[in-house]
């Protein structure tokens with residue numbers, strides 16, 4: 001059922017029939033006026049309704065705004081604006097980077113106003129005439145030459161040439177920055193710091209006195225320049241004002257570490273080209289630190305570098321098998337033994353035997369402190385004398401030929417102690433390693449050899465109590481080999497925080513990091529326990545003596561310590577917290593850049609640490625071996 005109202009009837013368009021054609025009549029003027037009045041009423045009602053509805057402006061706007069001569073107060077936040085008034089003759093690239101990287105809340109606005117070349121050339125022509133007339137007048141009157149005028153003339157002529165050839169363009173450039181703080185004194189401190197930073201580059205700024213509101217509005221992200229304080233500049237100096245700069249870490253020599261996330265360039269670097277070849281890698285578990293190190297190992301080996309790895313979790317076994325390396329498993333039941341009393345065998349260079357013996361005694365005393373626990377001053381003196389006598393018993397004394405001597409073992413050292421007074425307690429503790437449960441580890445001559453390009457020492461099967469001592473002994477053995485023959489080598493110490501737990505082992509690693517450069521060795525320390533490593537004074541020193549540092553994804557618990565140690569900005573802290581696997585920050589000397597580690601498919605198959613991926617590789621390997629056996633069986637049958 002349909003109902004027709006009176007108003008609808010009045011708006012109805014009647015149809016007239018004329019010659020079989022229907023003609024429609026439009027609304028009258030009265031009807032049009034009535035419709036317009038109804039629309040006006042509807043719009044007014046909508047405006048009244050919207051007055052009571054909160055918009056996005058209402059949500060983000062401050063509750064109040066107070067304009068002072070030198071700052072603006074938004075609620076409880078103080079805002080102050082600065083503008084640049086003078087630049088030096090030359091400005092360096094990235095001169096605004098110290099400001100953009102400042103640990104403060106700020107907004108920066110840059111405005112560029114193009115100026116037509118013909119207008120600038122006309123003004124420059126007048127300037128050239130004025131300068132030439134001044135120089136000529138000074139010369140005629142016998143005045144000394146004015147270097148300022150001559151320099152200005154050369155600059156103007158160069159700019160005229162560049163503008164005419166289209167090499168440069170001309171702009172009026174405005175640079176403003178606004179700082180925010182809830183504390184007025186803090187705002188003053190930040191302002192003074194920024195003014196000092198700019199002044200150190202001969203760039204002078206002014207505060208927006210009695211234009212605080214205009215300065216604040218000019219730095220809002222709406223593109224309004226209410227200050228209108230500009231400086232004439234050509235293209236090149238304006239380009240250098242871009243505040244975001246990234247280090248180029250591409251060189252002709254070295255290996256590929258990854259891709260620069262700032263500009264997609266390749267980070268190709270030779271660690272041996274720096275003042276030392278040491279590196280540290282910090283990351284959480286699963287962030288890709290072992291993956292990154294394995295890639296470096298493969299690529300370094302392609303350039304002829306020998307690599308030695310201390311593997312605490314048998315993560316490098318697949319890599320070692322793939323490249324034909326030597327994998328040595330150190331455990332109580334293993335046949336692979338290392339004698340802590342080993343000495344370097346100098347080849348082709350003159351060494352002081354006395355210094356070698358003294359160094360070995362100091363190193364062994366550090367190992368004995370790990371084995372025997374706390375030692376008194378008297379016991380320390382006894383151990384020192386006993387070690388010297390142990391070497392002397394094997395005719396290892398100053399002047400001996402170290403190439404033809406047999407080094408003592410831990411049992412020989414025990415025999416010497418048994419013949420000395422005041423050593424009963426030391427002997428009891430030592431017997432655990434010569435006759436007791438742990439006798440199979442340190443009380444033997446060395447049976448391992450390092451005659452391969454990749455040598456990996458695995459300590460996974462050792463008890464946690466023995467692991468620091470074993471790693472200490474392995475590193476000492478490696479150090480002796482390194483000192484015996486100078487070659488280009490990299491030593492990788494995974495889970496280095498094990499050695500930071502004891503002062504003696506931490507001190508030993510630090511001494512190696514300081515001295516290894518002389519023997520063409522670079523040490524890479526890897527750890528996921530950042531707090532334990534960096535809170536140790538020796539850990540801090542190791543970082544300081546490492547020219548390469550790589551920070552991958554970090555945990556919130558350690559990011560503040562990392563930021564203080566490496567002087568990270570707030571944005572770099574967030575980058576490390578949000579990084580994906582294989583992403584982080586790469587430091588090389590004074591340069592650093594955001595990095596993404598990349599690998600080819602073949603490299604990925606070799607270096608992967610993903611258990612699921614490793615399981616598939618093992619399954620494919622077994623299938624391949626089974627097919628080979630079946631094929632061999634078929635050939636034998638035929």
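The values are calculated or read from the model by the stated rules, or taken from the named source; none is laboratory data. What you see is a predicted model, and the numbers here were worked out from it, not measured in a lab. Positions of Cβ are generated from backbone atoms using ideal geometry, with glycine treated the same way; all protein chains shown enter the neighbour counts.
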Residues satisfying the stated conditions in region 498-533, i.e. in a helix (DSSP H, G or I), in contact (Cβ under 8 Å) with a residue 40 or more places away in the chain and under 20 Å from the mean Cα position of the chain (by Cα): 530, 533
Positions within region 487-497 being within 18 Å of residue 275 (Cβ to Cβ) and assigned to a loop (DSSP other than H, G, I, E, B), in sequence order: 488
Residue match in region 109-129 (condition: over 26 Å from residue 165 (Cα atoms) and at pLDDT 80 or above): yes
Boolean, residue 479 is farther than 25 Å from residue 355 by Cα and touching a helix residue (DSSP H, G or I) at 6+ places or on another chain (Cβ under 7 Å): no
Of residues in region 350-377 being more than 16 Å from residue 479 (Cα to Cα) and assigned to a loop (DSSP other than H, G, I, E, B), the one modelled with the highest pLDDT: 376
Residue within region 260-272 that is part of a helix (DSSP H, G or I) and in the same structural domain as residue 79 (by TED's automatic domain parsing) present: no
Subset tally (residues that are touching a residue at least 12 places away in the same chain (Cβ under 8 Å) and part of a loop (DSSP other than H, G, I, E, B)) for region 37-75: 7
Among (1) over 23 Å from residue 300 (Cα atoms); (2) at pLDDT 80 or above, the one test that residue 629 misses: (2)
All strands (runs of 3 or more DSSP E) inside region 158-236 with 2 or more residues being modelled with pLDDT of 90 or more and surrounded by 13 or more Cβ atoms within 10 Å (Cβ to Cβ): 170-181, 204-207
Subset of region 555-567 that is within 11 Å of the chain's Cα centre (by Cα) and touching a residue at least 12 places away in the same chain (Cβ under 8 Å) - its residue that is nearest to residue 503 (Cα to Cα): 562
Residue check for residue 380: closer than 24 Å to residue 466 by Cβ, touching a helix residue (DSSP H, G or I) at 6+ places or on another chain (Cβ under 9 Å), without any contact (Cβ under 8 Å) to a residue 40 or more places away in the chain and not in a loop (DSSP other than H, G, I, E, B): yes
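From the list 406, 425, which residue is assigned to a loop (DSSP other than H, G, I, E, B) and out of contact with any strand residue (DSSP E or B) (no Cβ under 8 Å at 6 or more places or on another chain)?
Going through 406, 425 in turn, just one is assigned to a loop (DSSP other than H, G, I, E, B) and out of contact with any strand residue (DSSP E or B) (no Cβ under 8 Å at 6 or more places or on another chain): 406.
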Residue in region 306-314 that is surrounded by fewer than 22 Cβ atoms within 10 Å (Cβ to Cβ), farther than 24 Å from residue 585 by Cα and in contact with a helix residue (DSSP H, G or I) (Cβ under 8 Å, 6 or more places away or on another chain) present: yes
Residues of region 547-600 that turn out to be closer than 23 Å to residue 294 by Cβ, out of contact with any helix residue (DSSP H, G or I) (no Cβ under 9 Å at 6 or more places or on another chain) and not in a strand (DSSP E or B), as a count: 3
Out of 431, 488, sole residue that is surrounded by fewer than 17 Cβ atoms within 10 Å (Cβ to Cβ), within 27 Å of residue 546 (Cα to Cα), in contact with a helix residue (DSSP H, G or I) (Cβ under 9 Å, 6 or more places away or on another chain) and in contact (Cβ under 8 Å) with a residue 12 or more places away in the chain: 488
